[in-house]
Amino acid sequence: MKRILIRSGKSPFDVVSPEKVIQHNIIGTNAGNLIFSDAVHKMLYTEGAEITSNRFVVDPSAADRINEEYDVFVVPLANAFRPSFERHLRTLTELIERLTIPVVVFGVGAQSGLDYNPERLAPLERTVKRFAAAVLDRSPSIGVRGEFTESYLNSLGFTDVDVIGCPSMFLNGTDLWVEKKAERLDRDSKIAINASRSALGAGDIGGIVQTNCERYPNLLYIAQELKDLELLYWGDASEWDGRYSPMPVHRTHPLFQQNRVRLYYDPVTWINTLSDYEFAFGTRIHGNIAALLAGTPSVVLCHDSRTLELCRYFDIPHRRISELDADVDPADLYAEADYDALVKGHRERFDRIVAFMDKHGLDHVFRPDRDNGAAFEARMREIEFPPGVQAWGDDDSELVQRLGRLREDTRELRKQQAVSERRIAELTKQLQALEKRVDKEVKRLRTLERDLRNSPYRRVRRVVGRSVRRIVGSRRS
């Protein structure tokens, strides 16, 4: 039995509630993470494998237990080489350095701008080098997303790099078929849109969402972030406060008001939903990959290197969001998109990720004597997963507002508490340092006092003093 520990938020077979997702951050702040971790889980789901999710828990002190209980640590990653992920990357590296079992990294990526300029990654250099060195001490190569990440690691001195794209694109194995269901899109077409907050600085994604939610009444916004799930589940107080944004980040947005927002944290329901749509577009790479896996045409609006290098590697139709204005029409994107290169090149890219798994000694379902994922799919069909999470209705509006206010107040209190705890920790460190300095000074003064007592001057004074006292005493007598 091959015992595999995989970095993921949950097993594909786990049925969880929205409350649990929020409480334990099972999606790792973004539901797209579960698409590629599910894909890797399926690839490795053989009869002789026992796969355990680490629930995104990375604890270096657990290394001895992991070495004893597992045979390999499999690490599907996304854009891990970015400043906001550095702290977690350091912790993950510390764990890997303590492991004696093989470590296999799937699809890691570096995040920069559309110009592929690596300068903004300079502060991460030491951390990334340490991570790559630790992995390559336990693995023949590192699997990366695309050309930019390969070039970046090469510039740091690491040449054992395999470009394999993102495992999510191989969730269906060799099967990938994308075709247009209609000659053209019209006002009544079912369209899915996705958008990321991080794209706001690269283009007018808010304006694009706003324009097209008015243009297409059947447009559905598919959210992915934990913040979005909290907003859907708890609501907010934006109507009380008068907050509004062209991006659907408040309940005052028309997409919330018209119940046209969904979030799926099970890839199977996400993909099944998109199979009924005619087109999907937006800045979310995995939001668009979910559509392609469903056979639905999609176009990615690239806003950084992580989306651009994956689109280039897989030949996914894409546009740079910096070149688009708010009035861009998905009907035009649909008409311009060509999926021939994506579909025709899929087998070669599939063979590449299979060769990667073979190189790392991983048994997988795509070997000639395996089932091509049939057992995984059969088990998935036996499970009833929850539908996408949607916003509360108008009948609950007053309660939504009250809960939203309570949630926001609680979140603000938590922020203040976190600031206070950090300040207390800083003051505690300063106090401990001061105590050490005081102890050191006390020891120094005691030593100085001892040395002074034993100095030649003090010895002479004691001898002379005794003589003087004897003379004075004899005269008195």
- What order, most packed first, do the peptides 268-276, 192-200 have when packing is the mean number of other Cβ atoms within 10 Å of each residue? 192-200, 268-276
- Item | Helical mean residue ellipticity (222 nm; -39500 (n - 2.57) per DSSP H run of 4+; nearest 500) of the chain | -15000 deg cm²/dmol
- Item | Cut-off under 5 Å, modelled amide H: who pairs with Val163 long-range | Val144
- For Gly113, distant residues with modelled amide H under 5 Å away: Ser305
- Please order Cys166, Cys213, Cys302 by the number of other Cβ within 10 Å, starting at the fewest. Cys213, Cys302, Cys166
- Message: Take the residue pairs Lys180/Lys344; Lys42/Lys344; Lys190/Lys227 and return only those whose Cα atoms are more than 19 Å apart.
- Response: Lys42/Lys344; Lys190/Lys227
- Ordered by residue, what ³J(HN,Hα) values in Hz, to whole numbers, does the range 258-270 give under the Karplus form 6.51 cos²θ - 1.76 cosθ + 1.60, where θ = phi - 60° and Gly and Pro are x? 9, 6, 10, 10, 9, 9, 10, 10, 10, x, 5, 6, 4
- What is the Cα centroid distance between the range 19-44 and the range 155-205, reported in whole angstrom? 17 Å
- Note on the structure: When Glu435, Glu382 are ranked with the fewest other C-beta atoms within 10 Å first, the list becomes Glu382, Glu435
- Looking at the chain, send over the antiparallel percent of its DSSP beta bridges, to the nearest 5. 5 percent
- Can you list residues whose amide H is under 5 Å from Lys2's amide H, if they're 5+ apart or on another chain and H is modeled 1.01 Å from N? Ala49, Glu50
- Under 18 Å Cα-Cα from Lys415, which aspartates and glutamates qualify once same-chain neighbours fewer than 8 residues away are excluded? Glu230, Asp236, Glu426
- Calc'd 3J(HN,Hα), the range 305-322, phi into Karplus 6.51 cos²θ - 1.76 cosθ + 1.60 (θ = phi - 60°), Hz, glycine/Pro = x, comes to 5, 5, 7, 5, 5, 6, 4, 5, 5, 8, 6, 7, x, 7, 9, 7, 5, 5
- Note on the structure: Among [x] 25.8; [y] 35.3; [z] 24.5, the entry matching mean projected area of the Cα convex hull in nm² as calculated here is [y]
- Task: Read phi for every residue in the range 204-215 and hand back ³J(HN,Hα) as whole Hz from Karplus 6.51 cos²θ - 1.76 cosθ + 1.60, θ = phi - 60°, with x for Gly and Pro.
- Result: 8, 5, x, x, 5, 5, 4, 4, 7, 6, 7, 6
- Determine the distance separating the Cα centre of the range 98-133 from the Cα centre of the range 282-307; give it in Å without decimals. 23 Å
- Task: Give the peptides 420-426, 36-42 in descending order of average Cβ contacts within 10 Å, highest first.
- Result: 36-42, 420-426
- Query: For the range 191-344, with only Lys/Arg (+1) and Asp/Glu (-1) charged at the beta-carbon, what is the dipole magnitude about the Cα centre, in debye rounded to 20?
  - Reply: 300 debye
- Item | Mean-position separation - Cα centroids, the range 412-448 and the range 311-351, in angstrom | 56 Å
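Read-outs throughout are calculated quantities, based only on the coordinates presented, and are distinct from any laboratory measurement. Note that this is a predicted model, so its numbers are computed, not measured. For neighbour counting, all protein chains shown are included, and Cβ atoms are generated from backbone atoms with ideal geometry for every residue, glycine included.
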